[in-house]
4 protein chains.
Amino acid sequence: MGIRLGDNQYGKAEVRLVHVDRSTAVHRIKDVSVTSQLRGDLEAVHTVGDNSTCLPTDTQKNTVYAKAREWGGVGAVEDFALRLARHFVDEHPYVHGARQEVHEYSWDRIATPGGPHDHAFTRRGGETRTTVVTKDGDREWVVSGFEGLTVLKTTGSEFRGYPKTRYTTLPETGDRVLATDVTARWRYTRTGLPFDELYASVRAACLEAFADTHSLALQQTLYAMGEAVLERRPEIAEIRFSMPNNHHILVDLEPFGLDNPNEVFFAADRPYGRIEAAVERDDAPDPGQAWRAVPGFV
Amino acid sequence: MGIRLGDNQYGKAEVRLVHVDRSTAVHRIKDVSVTSQLRGDLEAVHTVGDNSTCLPTDTQKNTVYAKAREWGGVGAVEDFALRLARHFVDEHPYVHGARQEVHEYSWDRIATPGGPHDHAFTRRGGETRTTVVTKDGDREWVVSGFEGLTVLKTTGSEFRGYPKTRYTTLPETGDRVLATDVTARWRYTRTGLPFDELYASVRAACLEAFADTHSLALQQTLYAMGEAVLERRPEIAEIRFSMPNNHHILVDLEPFGLDNPNEVFFAADRPYGRIEAAVERDDAPDPGQAWRAVPGFV
Amino acid sequence: MGIRLGDNQYGKAEVRLVHVDRSTAVHRIKDVSVTSQLRGDLEAVHTVGDNSTCLPTDTQKNTVYAKAREWGGVGAVEDFALRLARHFVDEHPYVHGARQEVHEYSWDRIATPGGPHDHAFTRRGGETRTTVVTKDGDREWVVSGFEGLTVLKTTGSEFRGYPKTRYTTLPETGDRVLATDVTARWRYTRTGLPFDELYASVRAACLEAFADTHSLALQQTLYAMGEAVLERRPEIAEIRFSMPNNHHILVDLEPFGLDNPNEVFFAADRPYGRIEAAVERDDAPDPGQAWRAVPGFV
Amino acid sequence: MGIRLGDNQYGKAEVRLVHVDRSTAVHRIKDVSVTSQLRGDLEAVHTVGDNSTCLPTDTQKNTVYAKAREWGGVGAVEDFALRLARHFVDEHPYVHGARQEVHEYSWDRIATPGGPHDHAFTRRGGETRTTVVTKDGDREWVVSGFEGLTVLKTTGSEFRGYPKTRYTTLPETGDRVLATDVTARWRYTRTGLPFDELYASVRAACLEAFADTHSLALQQTLYAMGEAVLERRPEIAEIRFSMPNNHHILVDLEPFGLDNPNEVFFAADRPYGRIEAAVERDDAPDPGQAWRAVPGFV
């Protein structure tokens, strides 16, 4: 019996980078958080503290900032992550792989009587755009997504026909509020894609499917969202969702002599349902390491 | 020497209420968090555990839900808080005063190819609307506001001419990024006002003043925002702000042979500046208890 | 009618300082977060952006670090805050007052077979110690406290005898779980006190009173805690508490053919009760500005 | 080309259960958060909303509470999770697998002059104990761990000998503060183990190795912790860590005419290093599904 090092990676997390494009009087802003992680010849670092193959996390951080300047900006977060991954793997013989994760926060121009402002912004709120690029030698995978897209339907949702057991107390319902915070991650079939346009397209497909599906179960809504995305965009091999069921509980007003025709709800915190599933093409390319160290179910 | 009870209040915090107006096929949603607190003949509760004058916090919670149904909805959060305060003080002889706080979260209709959806929504993000109504016997005060309105300017901000001391290292700058999360609270001169319209007006005035003021100090921007609000709306007696200075630090790229013409920034978390001030009319009515148990500086 | 500047203050928030005393091989660690705020001749800063009386928040931050070295450490957080306040007010003619707030996080030595470790620590968790020192010219006030001291009793708590109204559904109980997160802030009668010893003493008095009081209402428990503190320590003029009632709801197991003799509870998040009160000496010195910009009810 | 359902699971998350053992006057408390998730014949739920094989998440929640009563308490969280998993899989033919995750919060008895209190407690803070049990048909895996064990060394840590590149600015150091929040997850070789005793043993091994290792890199410290655990406990097949490097940056006090002999530090928030690795036996049994939907690197 012996003890050995298993899978490992290391890097700098949550490098907060704001890039301002001042090339015209109408400034553009890019606000991201970059987590850089590397894999490679790292056994001696762990076993004897030999750092000769350990590119410091501080250097990784410096690289993120320097490359944003060298490359004249960030561009689509997927492309930025890919270029960083290539830099790390290609330039350092002891680095064999990389995981580069980027979160992006959106800003809107402040509306003024004279129109959208040139250089003043308000943070949009809503969902955060995400990407995780994995590189292993020459192979590359891109998994993009979003977190925190909170949606709610006031009708068009039922939940019936489920098994009744000794521990069942839930009554069936033909009309309930359905609410969730969508976390989605989808795997692209390849690199070199118009990622910004794809992101907008996936987001719209998810929202439309959520709105238009008459829901018999949150699982069904989830699947409809995934199907809509895959039908719309052949560039996507699979999509995974993690969606809480944010329970909105009809308040019992009878003790007060009042009815409650689906009008007054208690929005509960915990516990909550949690529905997680992948929707995929049956001819999708092999995922390889695309989901390595990426929480597929969040 | 004796020991005695001082100021006190009690109630139920963060009652999460979602009201759905289904009176037409185009549903409307109101999403609030209500904190109800009461004051009154409460000495014996504290000193000997005599609960005969202690309207349970559970009853306060029930009241919030029941009234949302009885009154056919919530309406402007200020009006809802006022009506709740009046109910508690007027209906219970041992209750002499009330503090009713409401936070409101906004939702947008989901955009679909067929137009804005009738009953599917996405949570807007951005700022939370707030109100604190204080009632003491017959007197009433309304302090409204918002939290978490995050704004940023990429130029039009300098910081110079400050005192230099033994502990100064900050260089002067003629062009910096200015960013903050605005928390504002303003006191109305009276009740019976069009609170929804006023809210939109104050919010717009703040944003426009932030965008249009060439800033020599964050304090100056804050004051300009307050002034803009008071000039626009005579219904407001004073406005108080708490604004962090969310530092965006220009990254030194010289070690890498690169310049950095105000393009690449590190968005720092802590520490941060904190600027707090009230802007008020010199003929404003006395605040009375308006700010009692309301953090004026947050 | 005119518009003018009202109350204001500014400074640097959450300056994270860790001081290591290496004077012997047994290292000691002090881990604090300092928020420095100043008041003074600040009208022109706000109205015209004249910064000549605005000691930069960056300089305040530098001062915190430099003084920790000059003074050979932090000492009791109250003394550190007082010395900082005196430095700012005494050394700068345009600074008339200061508010210095310090939060302290505790660490324990790691236990090893050879005894407590000389220089390795684990963070204790539990409550955060706090102080807010206010200085206005020559006058000084110290308000100390703690946040996040979570306590729970499995019995010895009832809630009965409260008013029954149209909106009452809560049943009376003679035996419930009582749980809360205590936030306490107490005002000292003067400076120059043994603050570390006082802190330990107040904390112990609160815990013992919570444990030993047979509770008829959370208000009564709160009062008993305050009374115990004031009886034990004449150096304290008043103490204020904000205590949520963290509801532990007995789960109804009857549908499953089971009884539940106070054994299985659902620990709810929201809503929660909130009980806030001051307990004070009837001959306490005037509070002056002690509570200015200190949330008395949190 | 077709679209199909991929991996999926669903359940109820964060069921907050507090169990009080009142069998003697010295009460004992168990405070846990249970997340129950099931896998099985769930295709029709997703594709057509047929719920006939969908045991409601509400029923899963009820089961957690009922079983805590039926079984006379919770016991070791691993055993509770295993028994829940077996119940769900064995009792429902359409359920083929389960993932049961439990987090446990610790409480200490309040110290009073008369000794540890019988029924009053204070929450300990510090780390959260975790377990994830995975069951697939007859096979079972147990992965236990903890989160949020924050540790710090004031000396005995260096970082030198790393590659210098175009983007290096970090100076080497022979004496730095080393601080991290340890998240650990270890896989047991089998079920039927004394899990409470094992937990205490792993925790102690981690702390001692952190304290006693002269650190040349955080990776080396991590490996030493894993090695210590595997050497001490043959019941453990592998252990995985995710450890941020919580940077404590020596403050430059030279501008103020002061030296700083490793005494005054700025505790930074972001970015931070992130070191993740597994340490394993070379003869460990196959992990099977042990890590499925368990973030191995957090």
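Laboratory data are not the source of any read-out in this text; all were calculated from the coordinates shown. Not measured: the values here are computed from a predicted model. Backbone-built Cβ (ideal geometry, glycine too); neighbour counts: all protein chains shown.
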Take the alpha carbon atoms of the range C:65-118, find their radius of gyration, then divide it by 2.2 N^0.38 Å using N residues; give the quotient.
1.64
Where does helix C:195-212 land angle-wise versus the long Cα axis of chain C, in degrees 0 to 90, nearest 10?
10 degrees
When each pair of different Cα atoms in the protein assembly as shown is counted once in the 1/r mean, what is the Kirkwood radius in angstroms, to one decimal?
31.9 Å
Hand me the trypsin sites (Lys or Arg not before Pro) from the range D:153-211 located in a DSSP loop with no more than 11 other Cβ atoms within 10 Å, in residue order please.
D:190
Treat each spin label as a single point 7 Å out from the Cα along the C-beta direction, and report the residue A:172 to residue C:232 distance in nm.
6.0 nm
Extent along principal axes [Cα atoms of chain B; Å; largest to smallest]
75, 71, 39
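Residues with beta-carbon under 14 Å from that of residue B:286, excluding residue B:286: net charge, scoring Lys, Arg +1 and Asp, Glu -1?
Local net charge: -1.
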Kindly give the semi-axes, whole Å and largest first, of the ellipsoid equivalent to the range D:221-296, taking each as the square root of 5 times a Cα gyration tensor eigenvalue.
40, 15, 7
Taking a threshold of 24 Å on the Cα-Cα distance, which of the pairs B:61/B:135; B:61/D:67; A:164/D:67; B:153/C:12; A:153/B:12 fall above it?
B:61/D:67; A:153/B:12
For residue B:147 and residue C:147, extending 7 Å from Cα along the Cα-Cβ vector and measuring point to point gives, in nm, a value of 1.2 nm
Given points 7 Å out from each Cα along the Cα-Cβ axis, report the residue A:108 to residue D:70 separation in nanometres with one decimal.
5.2 nm
Could you give the angle, 0 to 90 degrees to the nearest 10, between helix B:57-70's Cα long axis and the longest principal axis of the Cα atoms of chain B?
90 degrees
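Within a 10 angstrom radius of each residue's Cβ in A:220-228, how many Cβ atoms of other chains show up on average? Whole number is fine. Numbers along the way, then the final one.
Details: counts 8, 2, 5, 10, 3, 0, 4, 5, 1.
That average works out to 4.
Among A:182, A:133, what is the fewest-to-most ranking by other Cβ atoms within 10 Å?
In order of increasing Cβ crowding within 10 Å: A:182, A:133.
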So which residue of C has the beta-carbon closest to the axis that swings C onto B, and how many whole Å away?
C:295, 3
Principal axes first, then extents: for the Cα atoms of the range C:8-137, list largest minus smallest coordinate on each axis, whole Å, largest first.
64, 28, 22
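Take peptide D:67-74, look around each residue's Cβ out to 10 angstrom, count Cβ atoms belonging to other protein chains, and average those counts.
Average per residue, whole number: 4.
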How long, wide and thick is the range C:173-277, going by the Cα atoms along their three principal axes, in whole angstroms, largest first?
63, 25, 21
Which log10 I(q)/I(0) values does the range D:105-197 give at q = 0.13, 0.19, 0.24 Å⁻¹ under the Debye formula, counting every alpha carbon as one identical point scatterer?
-0.79, -0.99, -1.16
Where does helix C:218-232 land angle-wise versus the long Cα axis of chain C, in degrees 0 to 90, nearest 10?
50 degrees
Cut-off 17 Å (backbone N to label point 7 Å along Cα→Cβ of residue C:139), residues of the range C:30-69
C:39-40
